[in-house]
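These notes concern the structure reproduced below.
The values are calculated or read from the model by the stated rules, or taken from the named source; none is laboratory data. These numbers were taken from a predicted model, which means no experiment stands behind them. Cβ atoms come from the backbone with ideal geometry, glycine included; neighbour counts cover every protein chain shown.
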């Protein structure tokens, strides 16, 4: 049974998890924001020692590919590529949006079994101000739209919400709660990118041999938002 080290660094929380097949063997995380460069390798060393394993026991390494924190993704991908190359094991990339959908579906099926089948899920990753990275998924976990960077307003997703219930969740959803007031907009709390929910996805990719090219793989940063000048810095003609 394959043993995969999963690395998640797309948000403020840094986490690593060991997956044995589809099952979670162990997970460790650090909530020391913006300290991934220091804690990531320590977490990897700790989780391996805790489970009496060596890096040579790993069959693959999976990493959160983005979108998300630029610095966090760069640190996670660099570490994963180093392990993959040094150990000569496959590199697997997983979207944090997909991983959050995995967690959301688990919660919904346990607590809300009677929701309409045409319901969609919208994981959100915080960007800045009222901007988020997001995509839409159906209740089978199939992605329905491309990943996009979106500035949230009261009219966002009006067409989609007119047709169906949408569950919003993730690190970007809380700041959208007061803005997205459509009656079909619902929110799930306490869902965030986690290495634990990468496990079924990385296992599936391992079985399909859907591996990345270690030499050329780069994080999916998504297009940068256009920089704006604060109003108090604008110069006006006199």
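Some points to look at:
- Only one of the listed residues (34, 38) is surrounded by fewer than 21 Cβ atoms within 10 Å (Cβ to Cβ), modelled with pLDDT under 95, farther than 21 Å from residue 127 by Cβ and assigned by TED's automatic domain parsing to the domain that holds residue 203. That residue is 38.
- Region 131-154: number of residues that are assigned to a loop (DSSP other than H, G, I, E, B) and surrounded by 15 or more Cβ atoms within 10 Å (Cβ to Cβ): 5
- Residue within region 61-82 that is more than 20 Å from residue 15 (Cβ to Cβ) and assigned to a helix (DSSP H, G or I) present: no
- Residue that is at pLDDT 95 or above, out of contact with any strand residue (DSSP E or B) (no Cβ under 7 Å at 6 or more places or on another chain) and under 18 Å from residue 171 (Cα atoms), where the choices are 82, 66: 66
- In region 96-108, the residues that are surrounded by 24 or more Cβ atoms within 10 Å (Cβ to Cβ) and touching a helix residue (DSSP H, G or I) at 6+ places or on another chain (Cβ under 9 Å): 96, 99, 100, 101
- Of the numbered criteria (1) in a loop (DSSP other than H, G, I, E, B); (2) touching a helix residue (DSSP H, G or I) at 6+ places or on another chain (Cβ under 6 Å); (3) surrounded by fewer than 19 Cβ atoms within 10 Å (Cβ to Cβ), the one residue 52 fails is (2).
- Selection status of residue 127, at pLDDT below 95, within 30 Å of residue 41 (Cα to Cα), in the same structural domain as residue 163 (by TED's automatic domain parsing) and not in a loop (DSSP other than H, G, I, E, B): yes
- Selection of region 155-182 for residues being in a loop (DSSP other than H, G, I, E, B) and either outside the structural domain of residue 101 (by TED's automatic domain parsing) or touching a residue at least 12 places away in the same chain (Cβ under 8 Å) (or both) yields 156, 157, 164, 165, 170, 171, 172, 173, 179, 180, 181, 182.
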